[in-house]
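Asker: Pasting a structure here, questions to come.
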Amino acid sequence: MRSASGRTRSSWMQEPAIVSSGRPRHDLRTEICIIGAGITGLSIAYLAAREGRRVVVIDSGTIGDGETARTTAHLTQVLDRRYYELERLHGARGAKLAAQSHAAAIERMESIVRQEQIPCGFKRASAYLFTSRGQSGEELEREFVAARRAGIQGLEWLARAPALPFETGRCLHFPNQAQVHPVRYLRGLVEAIQRNGGLVVARAHASKVSPGRPGQVTVKDGPTIVADEIVVATNTPVHSRLAMHAKQAAYRTFVIGLAIPRGSVPEALYYDTHTPYHYVRVQQRESPGSNGDLLIVGGEDHPTGMRDDATMRWGSLERWTRERFPMCREVTHRWSGQVFESHDGLASIGRDGKGSHLSIITGAAGSGMTYGMVAATLLTDMWSGRKNPYAALYDPARKVRKRRPEPASLAGGSDHDSDPAPTKARTLASIPRGEGAIVRRSGHAYAVYRNEEGGVSRHSAKCTHLGCDVVWNSAEKSWDCPCHGSRFDRHGKVVTGPAIDDLRPVSRGSRKR
Ligand code: FES
């Protein structure tokens, strides 16, 4: 992503590349093939490899450059959906199991970090949830009661979040949460998987997934992988046309990083109840000559493909932050990421249908880091015939309410975000260098990108998932689909499912779709 100012950076993690395994030259037979080498796929591969299983992980990109590189890596039981909502949707026992599963995930990650000696800055930290200015404290009152019933250890009221430069008012304190450097953690997992005989293969795009016993995954221009079990760990499933996609929705979320003097904000996780809500944490900077920390602030979510106003959203984040943290210096980072949020507030983890040997993990919303570990224990227990306490709660086949999810970040407002922005059709000549636009001709819509040299590439604007028209995302230089969140790079190459195929190129003068 090119930054809005041209000086800021698009990720707070400037890390050397993670070394993947060599691309196999021949077809492979394995026990488990995992599609997607983000936190979820690699957590599953790690536990499976530690249990002695033969594992192959493939990813269409390089390792550690997907959504896991865009997370702010809060490891927390403060979920996007409030516990009183989870109680209403899943009962008191469901809310309790959800809280337990994330606490167990944090503990398991901590033990992996210790056991594998991964230098990833894993730290236990407190989390604070406070009321946004001008709101009543009713939401927190309800949340305290429900979260306590859900068994959150040590949950308490505080008069204010300690040592912050602004008055938060009464807040909820969730002790013993954690934070981590996600890419360093991924690197440690990849090395451990490889030490245990597993393969992690980059730039291997799964072009076809055929479930079965055994099932097959076809790598584009590469080998076929035959596996007893297939796992689709690609944020949202890429093998199915509609089933799961009708139960969840995609959101873009926005993040900035600001330089602050070292130690001026306590290392903790902070959330407000604003609409959209803000999430904040501190990261110690280690770059040579740096004598400060980084304050990482996120929020301003909108449904994918509904808006193209990232600069305005980053600006809103900056204003919010400077009003509360006056010690902030320059904005050093800006980026955005994508989450999939289910209608009932919980992820789906498990077999994609009774008797299937293909498993999915999706709908993790803003809790992907911990859900990755929940999925790893759940699936490895399932394959080994062990009972897992969370299997029924996260069963993808559970009944899910049909209304569009209203994530905590959007609840109660921002109506303007729920309708697509009108797509302005443009003429070819009006598209500046480095930008894209939808051009309509003879009733057809074309996704047209003009590169920095002035050359033009044209694709059909029809998303290859189910045919909705994509829209241009000028911050990410991508084509985003408002229907189920597929994304394609400026040249039409698919980067986020559920689409599995690239946008269809259109030669100059072609009128066919
Ligand atoms: Fe389903 Fe585009 S993501 S139609």
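Asker: For the chain, what value does the Rg/Rh ratio take when both radii are computed over Cα atoms and Rh is the Kirkwood radius, given to two decimals?
Answerer: Details: Rg = 22.3 Å, Rh = 23.4 Å.
When Rh is taken as the Kirkwood radius, the ratio is 0.95.
Asker: Which lysines, on any chain, are close to K399 with Cα under 24 Å apart, when same-chain ones fewer than 8 places away are left out?
Answerer: List returned: K96, K247, K354, K387.
Asker: For a quick check: sort W479, W383, W157 by the number of other beta carbons within 10 angstrom, fewest at the front. Numbers along the way, then the final one.
Answerer: Values: W479 29, W383 19, W157 11.
Ranking W479, W383, W157 by Cβ neighbours within 10 Å, fewest first, gives W157, W383, W479.
Asker: Using only the alpha carbons of segment 238-358, what is the convex hull's orientation-averaged projected area in square nanometres? Display every interim value, and only then the final one.
Answerer: Values: hull surface 41.6 nm².
Result: a mean projected hull area of 10.4 nm².
Asker: Same structure, new question: Tell me what the chain gives for mean residue ellipticity at 222 nm when only DSSP H runs of n ≥ 4 count, each as -39,500 (n - 2.57), the sum divided by the residue total, rounded to 500 deg cm²/dmol. Intermediate values should be presented prior to the final figure.
Answerer: Numbers: 6 runs with 103 residues, N = 513.
After summing the helix terms and dividing by the residues of the chain, the value is -6500 deg cm²/dmol.
Asker: Counting other C-beta atoms within 10 Å, which of S457, S101 has the fewest, and how do the rest follow?
Answerer: Numbers: S457 16, S101 25.
Starting with the residue having the fewest Cβ neighbours, the order is S457, S101.
Asker: Which three lengths, in whole Å and largest first, does segment 424-513 cover when its Cα atoms are put on their principal axes?
Answerer: So the extents along the principal axes, rounded to whole Å, are 32, 28, 21.
Asker: Only counting other Cβ atoms within 10 Å, I'd like T236, T224, T321 sorted with the fewest neighbours first.
Answerer: Details: T236 27, T224 14, T321 21.
Listed from fewest to most nearby Cβ atoms, that is T224, T321, T236.
Asker: Quick one: of the DSSP bridges fully inside the chain, what percent are antiparallel, nearest 5? Spell out each step's value before the answer.
Answerer: On the way: 76 of 99 bridges.
Around 75 percent of the beta bridges assigned by DSSP in the chain are antiparallel ones.
The numbers here are math on the coordinates, done by the rules we state, and not lab data. This is a predicted model, so every value here is computed, not measured. In this analysis, Cβ positions are derived from the backbone assuming ideal geometry, glycine residues included, and neighbour counts consider all displayed protein chains.
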